[in-house]
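A quick write-up on the structure given underneath.
Nothing in this text is a laboratory measurement; each read-out follows from the coordinates by a stated rule. Source: prediction; values computed, not measured. Please note: Cβ atoms are built from the backbone with ideal geometry, for glycine as well, and neighbour counts cover all protein chains shown.
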């Protein structure tokens, strides 16, 4: 989650001052990149590393909820 958030943030704010449609496109691309990275790690955890599915899904849910709470608190 941390790496996905860092990559998404770098993509979202790396362009400087831009028109609104470009900012929205960069934001959407950042969210898609983050979710792709999360799902890739999820599939690797389930398939290649044979991690317990319930614990893996619970960890992802907790990480996403924590990120949501921190973002809402700011």
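Counted residue by residue at 0.36 nm each, then reduced by the alpha carbon distance between them, the extension gain from residue 44 to residue 9 reaches 10.3 nm. With each label modelled as a point 7 angstrom along the Cα→C-beta vector, the residue 58-residue 70 pair spans 2.1 nm. Here the spin labels are modelled as points 7 Å beyond Cα on the Cα-Cβ line, and at residue 35 and residue 17 they lie 3.2 nm apart.
Each 5 Å bin from zero holds the following percent of Cα-Cα pairs in the chain: 3, 15, 19, 21, 18, 11, 7, 3, 2, 0.
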